[in-house]
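Each remark here refers to the structure printed beneath this line.
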Amino acid sequence: MYPVMLHLCSKPIVVIGGGAVAERKVVGLLDGGATAITLVSPEITDTLRELVREGIVVWQQKQYEKNDLEGAFLIIAATDCASVNTEVLQGKAPNQLVNIADNPGQSDFQVPAVYRNGDLSIAISTGGASPMLAKKIKRDIAHLFDEEYNEFIKFLSMARQRILAEISDPGKKRVLLREVMSDRFLSSGSRAELFEELLRRR
Ligand SMILES: C[C@@]1(CC(=O)O)c2cc3[nH]c(cc4nc(cc5[nH]c(cc(n2)[C@H]1CCC(=O)O)[C@@](C)(CC(=O)O)[C@@H]5CCC(=O)O)C(CC(=O)O)=C4CCC(=O)O)c(CCC(=O)O)c3CC(=O)O
Ligand SMILES: NC(=O)C1=CN([C@@H]2O[C@H](COP(=O)(O)OP(=O)(O)OC[C@H]3O[C@@H](n4cnc5c(N)ncnc54)[C@H](O)[C@@H]3O)[C@@H](O)[C@H]2O)C=CC1
């Protein structure tokens, strides 16, 4: 499998089913920046109802039909009825990406467990071997990339922009980019000053 980071803003997404699994996928999609989710399901969970009430997702209260997939960029089939999920798989166009909750082998993509902290996202996949392990690894690594790390990444983003704008020599650029992400900067209480000094000395 090939991991990617998808921009989901404004991309039409259709989720078939409205139970616990659909809810988890919808929450994950929203965390990932999705803004155009349509749910197709006769019933949905309370949390999903709340998202519909707030206008965050659209709900078509009905059973799945093939034309529900029209125009979708990404599709998730998470009903408790295997034959409906299979119909979705058969109904999708070759260029539409589908995840079938009960059929990882036939899905175009699987959903990883995701640890997020600011701009840092770490996706964990076991390729379907053990979703629970993926969830556990996510919890296990959280302490390695805490709030402090988030601040560090913000600093690195700023420092990288400055280095790319101000240094033209490719070798020097690389040395500086490596230097700012070193432990010296990670553990420093005065990164900004240290960085200015580094640029002056370059
Ligand atoms: C293949 C995959 C396809 C996909 O959904 O994309 C898939 C498939 C299936 N999951 C099943 C069960 C469970 N899934 C979870 C949890 C998560 N499942 C997620 C992903 C994936 N699940 C993809 C592979 C990911 C990978 O392995 O790397 C996570 C990571 C992301 C997410 O869903 O958002 C999310 C944790 C999120 C988090 O909290 O971080 C739990 C635990 C729990 O709920 O606490 C259980 C119960 C325990 C158990 O059964 O292990 C079943 C059996 C259904 C049945 O019993 O019939 C199938 C179907 C099958 O295996 O055939
Ligand atoms: N991939 C994953 O992470 C996991 C997948 N599963 C699989 O996902 C399936 C769904 O699990 P839950 O959400 O817990 O089930 P659930 O029973 O809570 O929800 C099923 C939903 O599907 C809807 N539905 C039923 N028939 C439909 C139709 N014809 N058209 C549209 N919607 C329809 C129902 O209204 C309900 O909202 C399970 O059958 C299981 O095989 C289960 C656990 C984890």
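Set side by side, the residues G118, G28 differ, and just one is touching a residue at least 24 places away in the same chain (Cβ under 8 Å) and on the phi > 0 side of the Ramachandran plot, which is G118. Candidates in segment 35-59 are the residues that are loosely packed, with under 12 Cβ neighbours inside 10 Å and either within 12 Å of ligand 2 (Cβ to nearest atom) or in contact (Cβ under 8 Å) with a residue 12 or more places away in the chain (or both); of these, the one that is nearest to V84 (Cα to Cα) is E43. Can you name the residue in segment 7-34 that is touching an Asp or Glu at 6+ places or on another chain (Cβ under 8 Å) and of a type in the set (V, I, T) and is also surrounded by the most Cβ atoms within 10 Å (Cβ to Cβ) among such residues? Applying the filter and picking the extreme gives I16.
What do you reckon, is I124 within 12 Å of ligand 1 (Cβ to nearest atom) and in the same structural domain as E65 (by TED's automatic domain parsing)? So I124 does not fit the description; no. With respect to (1) within 13 Å of ligand 2 (Cβ to nearest atom); (2) assigned to a loop (DSSP other than H, G, I, E, B); (3) under 23 Å from N95 (Cα atoms), the lone exception for V15 is condition (2).
The values are calculated or read from the model by the stated rules, or taken from the named source; none is laboratory data. Bear in mind that the values here come from a model prediction, so they are computed numbers and not experimental data. Quick reminder, even Gly has a Cβ in these numbers, built from the backbone with ideal geometry, and neighbours come from all protein chains shown.
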